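Report on the following structure.
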Amino acid sequence: MDVAQNIAILIVAATAFWAFLALRKRIEFLEHEVRWLRSELNDIKLVDTDSERG
């Protein structure tokens with residue numbers, strides 16, 4: 001392999017690694033949002049359940 005191929009491989013590898021990190025960060029953010037939305041939904045269900053009983 002010549003130098004140009006090695007550089008191209010390094011660029012592709014670095015880009016793939018960067019994409020992986022960006023996607024992982026996005027997934028962690030979305031997981032956080034899902035947990036927050038579930039807690040909000042549970043709060044709403046608790047309020048509805050309390051109002052039906054009272």
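The values are calculated or read from the model by the stated rules, or taken from the named source; none is laboratory data. None of the values given here were measured: they were computed from a predicted structure. Here Cβ is always computed from backbone atoms with ideal geometry, including for glycine, and neighbour counts include all displayed protein chains. Accessible surface areas use protein heavy atoms only, side chains included; no ligands, DNA or RNA. Shrake-Rupley method; radii C 1.70, N 1.55, O 1.52, S 1.80 Å.
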Net charge of neighbours whose Cβ lies under 12 Å from the Cβ of Leu37, counting Lys and Arg as +1 and Asp and Glu as -1
-2
Ordering Glu33, Glu28 by accessible area with a probe of 1.4 Å, largest first, what comes out?
Glu28, Glu33
Measure off 7 Å from each Cα along the Cα-to-Cβ vector at Glu40 and Trp18, then give the distance between these two points in nanometres to one decimal.
3.3 nm
At 1.4 Å probe size, with every protein chain present, just tell me what the per residue accessible area of the chain comes to in Å².
96 Å²
With charges set only on the Cβ (+1 for Lys and Arg, -1 for Asp and Glu), what does the dipole of the chain come to about its Cα centre, in debye to the nearest 20?
180 debye
